Amino acid sequence: MKRRSFFRNLGIISAAAWLSPKVMVPESHIPSTADDSQVVDFPPLPFAYDALEPWIDARTMELHYDKHHRAYYNNYLAAVKGTHDENMTPEKLFPSISSKNDAIRNNAGGFYNHTFFWNNLAKNSGDPSAALKSDLEKTFGSLEKFQDAFNTAAKTRFGSGWAWLYVTPDRKLAVGSTPNQDNPLMDVAQIHGTPLLALDVWEHAYYLKYQNRRPEYIDAFWKVVNWNEVNRRYAKSAQSA
Ligand code: MN3
């Protein structure tokens, strides 16, 4: 049993004992929280802090993952604690996020988006698959035009937010951006679909190395896109269509 699950069980038992000692049910009848599939964990960074140097520097990666991402995770757990959304993955909440408070929306988004972003970053990790390349060319005219459209989405997102390549509900490729920690899976977002590729354009993602030069950071991003992961996401989205 994981440490957190242990304390959670302990909390349930002692709360039950305090509230109604005479009707306390046998421990075997208390709904188990020891099932680790129910526990939302903070995922490890899939690479070393310096793995994306010189395009994304180690200090930025460390702060971004260990301070910013972890804070979204912790604040997410705090926001859903004691509600029926506790132990729910952020993905499960996004389709009805409009019914949740801002703390859940912002932190569920921040927790999910960063995990998604880390996984679409890597050095020397492939090219668009034949299927994705062909569909990008059909949709945008060429790979260069796709990149231009994505860059425009990233550059023109005013303030903090994210740029996305995603598959729309009617199965088309599209690029767009979302403010703050919103994403295309949220019912409140202006764009809707299955995300394939994300880029964080909050200043905390690039300011140490690039200061105010967001376009340079966006150019560097293309050096470390994990196309193998984007290809996998695209194939998966086609299967679930
Ligand atoms: Mn960020």
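Read the figures in this text as sums done on the coordinates, not as results from a lab. These numbers were taken from a predicted model, which means no experiment stands behind them. Cβ atoms come from the backbone with ideal geometry, glycine included; neighbour counts cover every protein chain shown.
Quick look at the numbers
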| read-out | value |
| --- | --- |
| Those residues of the range 124-159 which are closer than 25 Å to Ala205 by Cα and out of contact with any helix residue (DSSP H, G or I) (no Cβ under 7 Å at 6 or more places or on another chain), in sequence order | Asn124, Glu144, Lys145, Asp148, Phe150, Thr152, Ala153, Thr156, Arg157, Phe158, Gly159 |
| So Lys92, is it more than 16 Å from the ligand (Cβ to nearest atom), exposed (fewer than 15 other Cβ atoms within 10 Å of the Cβ) and farther than 22 Å from Tyr217 by Cβ | yes |
| Out of Leu143, Leu121, sole residue that is touching a residue at least 12 places away in the same chain (Cβ under 8 Å), on the phi < 0 side of the Ramachandran plot and buried (at least 17 other Cβ atoms within 10 Å of the Cβ) | Leu121 |
| Of the criteria (1) surrounded by 14 or more Cβ atoms within 10 Å (Cβ to Cβ); (2) over 21 Å from Leu63 (Cα atoms), which one Lys172 fails | (1) |
